[in-house]
1. Run through the stretch 36-93 and list the trypsin sites (Lys or Arg not before Pro) located in a DSSP loop whose Cβ has at most 12 other Cβ atoms within 10 Å.
2. For the stretch 56-167, would you read off the P(r) tail past 24 Å as a percentage of all alpha carbon pairs?
3. Please identify which residues in the stretch 39-56 have an amide N closer than 17 Å to a label point set 7 Å out from the Cα of residue 109, following the Cα→Cβ vector.
4. Among all the lysines, which ones have a C-alpha under 23 Å from residue 76's C-alpha, if same-chain residues fewer than 8 places away are not counted?
Amino acid sequence: MSSYSTSQVQTAPSLKGRAGGESGSVPERNLIVSALDHGTVIDHIPCDRLFEVINLLHLQEMTSKVTIGFNLKSSKMGTKSIIKIADRFFTDEELNQLSIVAPNVTLAVIRDYEVVEKKQVCLPDDLHALVRCNNPKCITNNEPMRTLFHVVDKQAGTIRCHYCNHEQEIQKVKLV
């Protein structure tokens, strides 16, 4: 098992190169973020989707500690966002919703400072009662019934309504 210990983010200057530090050296810029005892880390969030993820998961209503990193350097993505949430674990339904807003994020479950589970959150093959059909004539918009979509192309993010066969892009859907 690996552990999610402290993270270093370039922001605040340290005392190195100042009074009591080495003279003439350049100050280091590090901010130490405390380790997560129990909770969830959502990593590799596209920066343009961060605030949608925050709203989707209702993080603004959380009473436990939430740490958010925005526009962080990433060798995999160029820039990324990350969220660390103390004492919060997510259901499969919540992860399916997350996969719609930010597919391919990495989720790490932390217990006693150790990563006990790490997985890629991917779009499922079928979306049950998660998104609305954007076809106004679809039966799901005119009758009280649950929606059902089939993922046609995960890479391109194309889904098809089970009832009216209308295709739409996952980036443009509205959640139920």
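Since every read-out is calculated from the coordinates, none of them should be taken as a lab result. What you see is a predicted model; the values in this text were computed from it and never measured. Please note: Cβ atoms are built from the backbone with ideal geometry, for glycine as well, and neighbour counts cover all protein chains shown.
1. Details: sites: 49, 65, 73, 76, 80, 84, 88; in loops: 65, 76, 88.
Of the trypsin sites (Lys or Arg not before Pro), the ones in loops of the stretch 36-93 whose Cβ has at most 12 other Cβ atoms within 10 Å are 76.
2. Details: 2446 of 6216 pairs.
Within the stretch 56-167, distances greater than 24 Å cover 39 percent of Cα pairs.
3. Under 17 Å, as judged by backbone N against the label point of residue 109, lie 39-43 of the stretch 39-56.
4. Counting by Cα, and skipping residues close in sequence, residue 76 has these lysines nearby: 84, 118, 119, 154.
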